[in-house]
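Trainee: Here you go, one structure.
Since every read-out is calculated from the coordinates, none of them should be taken as a lab result. These figures come from a predicted structure and were not determined experimentally. All Cβ positions, glycine included, derive from the backbone under ideal geometry; neighbour counts span all protein chains shown.
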Amino acid sequence: MSKHKFEPDYVVAPGATLKESLDAQGISQVQFAQRTGLTKKTISQIINGIAPISYETAGRFELATGIPANFWNRRELRYREALARRKTLASLAHHDTWLKEIPLDVLMERGYVEPSNDTGTLVHRALRFFGVSSVDAWRKALLTPAVQYRSSKAEAKYPGFVAAWLRMGELQAEAIDCDKYNAEEFRRLLRNEIRELTTTSGQVWRKRLPELCAQAGVVFVLTREIPRAAVSGAARWLLKREVPLIQISLKFKTDDQTWFSFYHEAGHVLLHGRRKLYVDYGKDDETEEERQANVFARDLLIPPENVAEFPRLRRKAAIRRFAASIGVSPGIVVGRLQHDHYLEPKHCNDLKKKYEWS
């Protein structure tokens, strides 16, 4: 969640402070011009916010008023910054249609963007959330990758919403420390300690999974889904830190699909390049890399040597025994049996754990 600094919507010229000081001391503008060696026109322009206070002028003001030069320099800097900001916000107000491309209501509700009645201010705050300087930069830096690696399915109709979800994950990742990336250790954890977490409650694994991933130099974040983004998970590398980031949602609400999403993204990390962004929607895609990630997740969750038991897993008791024997949750077994058509889609769904945001 971002923190917002005070940003007043009014602009006061330092000349107004100068006039108040002169009035308080009973000094006319003509007298002040004489004391500072400046022209009356220059003093008038400074008081009216037309001419700036230079460093040299601030020094003269110090000698003539007793008010330190750095005070006038700071007031002038803030004034010029405020003018530039007002100009920027007026320009950004023309991008009001862009706000419809992003989940602005969600960003405000979750505290990432502070509400405002001014359109330019809203655009400015949304750009700050994304970490870009303009809408054009947003399209080039953030939207393009989300489109390039998006699903071919209809779920990808809102790339701006996907970009927001991804950005939330990046901000979450900034608060997570991890060791140097170790692919061998990550594979070991996936086969053992992490896999064992599938049998625990959501409260347990949500705390323990990020810790185990960090142990192998992998950053893991769980990011609440955004309506219409439809993203189940994503994987990419944080190149400045040289560590991979795995980000998943609870889109499907059940343990089988949630854990498959995690292992799918882990597959991207271990099997594929560091330059790509993989955004997944929990549906089968056509690319070879997606198929490889699916196979990786499938075989780590339920090793191929155990698949021969599938035809005998028709009853809940048998499913529970099998799941316990290989060390995964019964829900994961049910999901696999349904996917491979050993069970009907709705059969044994009560063995799946349900995950909800608390």
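Trainee: So, in Å, what gap is there between the alpha-carbon centers of segment 164-196 and segment 65-131?
Mentor: About 34 Å separates the Cα centre of segment 164-196 from the one of segment 65-131.
Trainee: Let me ask another. Please give the direction-averaged projected area of the C-alpha convex hull for segment 14-91, in square nanometres with one decimal.
Mentor: 4.9
Trainee: Relative to the first principal axis of the alpha-carbon coordinates of the chain, what is the inclination of helix 55-65, with its axis defined by its Cα atoms, in degrees from 0 to 90 and to the nearest 10?
Mentor: The helix 55-65 is inclined about 60 degrees to the chain.
Trainee: State the Cα centre-to-centre distance between segment 35-56 and segment 270-335 in whole Å.
Mentor: Here the answer is 74 Å between Cα centres.
Trainee: Over the alpha-carbon set of segment 71-148, work out the extent along each principal axis and list the three values in angstrom, largest first.
Mentor: On the principal axes, segment 71-148 reaches 50, 26, 21 Å in Cα extent.
Trainee: Relative contact order, percent, of the chain when contacts are C-alpha pairs under 8 Å separated by at least 6 residues?
Mentor: Working: 471 pairs, mean separation 41.3, N = 358.
So the answer I get is 12 percent.
Trainee: Sticking with this one: For Lys253, go through the aspartates and glutamates and keep the ones whose alpha-carbon is under 20 Å away, minus same-chain ones fewer than eight residues off.
Mentor: Partners within reach: Glu155, Glu196, Glu225, Glu265, Asp280, Asp284, Glu344, Asp350, Glu356.
Trainee: Let me ask something additional. Please report, largest first and rounded to whole Å, the three semi-axes of the ellipsoid equivalent to segment 304-351, where each semi-axis is the square root of five times an eigenvalue of the C-alpha gyration tensor.
Mentor: Value: 14, 12, 9 Å, ordered largest first.
Trainee: Also: How charged is the neighbourhood of Val333? Take every other residue with its Cβ under 9 Å from the Cβ of Val333, and add Lys/Arg as +1 and Asp/Glu as -1. Before the final figure, lay out the partial values.
Mentor: Working: positive: Arg320, Arg336; negative: Asp256.
Local charge sum for Val333: +1.
Trainee: Which entries in Lys157/Lys276; Lys251/Lys283; Lys157/Lys283 show an alpha-carbon gap greater than 18 Å?
Mentor: Violating the 18 Å limit, Cα to Cα: Lys157/Lys276.
Trainee: On to the next question. If you take all C-alpha pairs in the chain, what percent of them are over 34 Å apart?
Mentor: In whole percent, the long-distance tail amounts to 45.
Trainee: Could you line up Met168, Met108 from fewest to most neighbouring Cβ atoms inside 10 Å?
Mentor: Met108, Met168
Trainee: By how many degrees, 0 to 90 and rounded to 10, does the Cα axis of helix 119-130 deviate from the longest principal axis of the chain?
Mentor: Here the helix axis deviates by roughly 50 degrees.
Trainee: Under a no-solvent Debye model with one identical scatterer per Cα of segment 154-301, what's log10 I(q)/I(0) at q = 0.14, 0.17 Å⁻¹?
Mentor: The computed values of log10 I(q)/I(0) come out as -0.60, -0.93.
Trainee: What distance in nm separates the two pseudo spin-label positions at Gln45 and Ile67, each 7 Å out from Cα along the beta-carbon direction?
Mentor: About 2.0 nm separates the two model spin labels.
Trainee: Next question, about the same structure. Given 20 °C and 1.002 mPa s, compute D for segment 274-330 with the Stokes-Einstein relation, Rh being the Kirkwood radius over Cα pairs; round to the nearest whole µm²/s.
Mentor: My calculation gives 159 µm²/s for D.
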